[in-house]
Amino acid sequence: MIPTYKNVHLKFKFNGFHYSSEYLLELAYDFVKEGKSYEREIGDFLFQWLDHSETIKVKTSGSTGTPKVVELSKQAIVNSALATGDFFKLNPGDAALMCLPATYIAGKMMLVRSIILGLELDVVEPSSALKFDSNKVYDFCAMVPMQLEKVLDKVDNIKTLIVGGAPTSNNLKASIQELKTHVFETYGMTETVTHIALKPFNHTSVAKPNFKLLPGVAISQDDRDCLVIEAPKLCQEKIITNDIVKIHSKSEFEWLGRFDNVINSGGVKLFPEQIEAKLQNKIKDRFFITSEPNEVLGEQLILVVESETNDLNSEVFSELDKFETPKAVYALKEFVETSSGKIQRKKTLQSIKK
């Protein structure tokens, strides 16, 4: 029988203690009334999760614009938790570490997975400098790249770690190769109830592995070559993304870049994300690739750097071909960001042009 959102697994533990639905409500009350900021967020979520509604409202991260609130089916969230459990072969009694805020879907899912799958969940305060028991063995954890970068010497006790929410630098990718921990990159969004595909960062014989779909997910492409997701157990309607992909099989795809970022310069399609990856280790400041109008090319490729100066050594571009090399470099003291800290490219570019 498939678990529903009303189930609390008998093996579930929160910070070392078993909790039934009744006692989880008491925990939520205590957190909301007297807890720290991150505990209040957990309490708020538990109140929503344990009420009589079949849906829950979740805030998106605002990756491509202003954050919004979407309504998700609680059973879809349970189905997502089960799919992740199947993919990673998580068992009741396995230990999990939660170090993400319960504000967004990634943190909420750590709670739901633990409640539904019967995991023993340890919760620590979310921060860029995590403090957790590095001697305890954890079977599962989720982090953002910034967190992982600062605890690389402490995560060998975590068996499986999923990383998402922001781009992972080439330096971090190289460091991940040395870890005992099995690290996976995630692909997904709030509307798909967190990730629908995963890609190994390390412990793989393939140099550039593809994303592999979770059970119950099917994919196709629209006429823009963008990914179309069908996941009836997670969302009722097809989700048409702005992610340009190459589909390798029914269960695997390669991510190329965002449709809204693609640059058509003189008839050549350029993917900013791929160019940025080549420059990642050569520019110390934050930067991004975008374009500006050009009478001859239509669009010309440019680089925007978060710096006091746009003076860059030409060696920075040595690995780029002639189409990928920026025709201009602009500097801005401070980038425009979303509330979750992601760069808003269009608004940042508008700031430069003012």
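The values are calculated or read from the model by the stated rules, or taken from the named source; none is laboratory data. All of these numbers come straight from a predicted model, not from anything done at the bench. All Cβ positions, glycine included, derive from the backbone under ideal geometry; neighbour counts span all protein chains shown. Note: areas computed on protein heavy atoms with side chains; ligands, DNA, RNA excluded. Shrake-Rupley method; radii C 1.70, N 1.55, O 1.52, S 1.80 Å.
Per this entry, LEU50 is not counted among residues that are within 30 Å of LYS347 (Cβ to Cβ) and surrounded by 14 or more Cβ atoms within 10 Å (Cβ to Cβ).
Tell me whether segment 183-194 contains one or more residues that are assigned to a loop (DSSP other than H, G, I, E, B) and free of Cβ contacts under 8 Å to residues at least 60 places away in the same chain. If you could, list the steps in order and put the result at the bottom.
Residues of segment 183-194 assigned to a loop (DSSP other than H, G, I, E, B): 193.
Now narrow it down to the ones that are free of Cβ contacts under 8 Å to residues at least 60 places away in the same chain: none.
Scanning segment 183-194 turns up no residue that is assigned to a loop (DSSP other than H, G, I, E, B) and free of Cβ contacts under 8 Å to residues at least 60 places away in the same chain.
Scanning segment 292-324 for residues that are open to solvent by 40 Å² or more (accessible area, probe 1.4 Å) and polar (S, T, N, Q) yields ASN294, THR309, ASN310, ASN313, SER314, SER318. For residues that are touching a residue at least 60 places away in the same chain (Cβ under 8 Å) and open to solvent by 50 Å² or more (accessible area, probe 1.4 Å), tally how many sit in segment 325-339. Number satisfying all stated conditions: 1.
Where strands (runs of 3 or more DSSP E) fall wholly inside segment 201-259, the ranges with 3 or more residues that are among the charged types (D, E, K, R) are 252-258.
For the subset of segment 209-218 comprising residues that are of a type outside the set (Val, Ile, Thr) and in contact with a helix residue (DSSP H, G or I) (Cβ under 9 Å, 6 or more places away or on another chain), which member is least open to solvent (accessible area, probe 1.4 Å)? Show your work before the answer.
At the first step, the residues of segment 209-218 found to be of a type outside the set (Val, Ile, Thr) are 209-216, 218.
Subsequent filtering for residues that are in contact with a helix residue (DSSP H, G or I) (Cβ under 9 Å, 6 or more places away or on another chain) retains 212, 214-216.
Working: LYS212: 91, LEU214: 9, PRO215: 73, GLY216: 54 Å².
Only one residue fits best here, namely LEU214.
For segment 271-290, the condition holds for no residue, the condition being that it is assigned to a helix (DSSP H, G or I), polar (S, T, N, Q) and in contact (Cβ under 8 Å) with a residue 60 or more places away in the chain.
Restricting segment 219-255 to residues that are under 20 Å from the mean Cα position of the chain (by Cα) and among the small types (Gly, Ala, Ser) leaves a set whose member that is most open to solvent (accessible area, probe 1.4 Å) is SER251.
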